Amino acid sequence: MFTGRLLAYSAMLEGKEVSWFPSYGAEMRGGAANCTVIISDEMIGSPVVNNPNILLVMNETSMQRFGRTLKAGGILIMNASLLKGFNGRPDVETVQIKATDIAERLGNNQVANMVMLGALIGKTGVVSLDSALNALREMVPKHKKDIIIINETALRRGIKEIVY
């Protein structure tokens, strides 16, 4: 959820039209959660997306649940650390990022989502790194300011996986 909110807020900082639509599973904590983010230069009519252009998938459960919804010709960005043996779909462009492995090397596997967001930014340019960093600094509560640096590092590392 944080990744989606951060992406949406980054786009808002750039003056784009944005919709962020979270969805929580029936389970309590630790259950399945996903969100839809729409970013546009034009007014957004509905926050509902049945077939997204881009799908960012963190784990096997999400791949099983949402993998088929990605529009043909779309971009699948997947956490290859947790999706071993899955090679993508032949009708979409698949970007495999070992986000969890990278996050662990950075010292905190909880920043795998930021590695993935960095990969999304690096691949699509949907928002700038500066906007994402500014949004991150604004969104993190004062009592958690110590996590900003590792999140910034993870964002940059995800971009580096794509660009270099």
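What to note about this one:
- Share of alpha-carbon pairs per 10 Å distance bin for segment 1-95, given as whole %: 15, 44, 33, 7
- Annotation: amide H-H contacts under 5 Å for residue 80 (H modelled 1.01 Å from N, sequence separation of 5 or more, or interchain): 97, 98, 99.
- Nitroxide proxy distance, nm - points 7 Å out along Cα→Cβ at residue 137 and residue 163: 1.7
- Total lysine pairs whose alpha carbons fall under 18 Å of each other in the chain (8 or more apart, or interchain): 5
- DSSP beta bridges fully contained in the chain are about 45 percent antiparallel.
- Calculated over the chain: convex hull of Cα atoms, volume per residue (Å³): 123
- Once the chain from residue 71 to residue 12 is taken as fully extended at 0.36 nm per residue, the excess over their C-alpha distance is 18.8 nm.
- Equivalent ellipsoid, segment 83-136 (semi-axes from 5 times Cα gyration tensor eigenvalues, Å): 22, 18, 6
- Rounded to whole Hz, the Karplus (6.51, -1.76, 1.60) HN-Hα couplings of segment 109-119, x for glycine and proline: 5, 6, 9, 4, 4, 6, 4, 5, 5, x, 4
- Solution diffusion estimate, µm²/s, Stokes-Einstein, segment 62-109, Kirkwood Rh from C-alpha pairs, 4 °C, viscosity 1.567 mPa s: 113
- With R₀ set to 22 Å, the beta-carbon distance separating residue 148 from residue 59 gives a calculated FRET efficiency near 0.30.
Throughout, read-outs are computed from the coordinates displayed, never taken from laboratory work. Here the structure is a predicted model, which is why all the values come from computation and not from measurement. Heads up, the Cβs are rebuilt from the backbone with ideal geometry, glycines too, and the neighbour counts pull from every protein chain shown.
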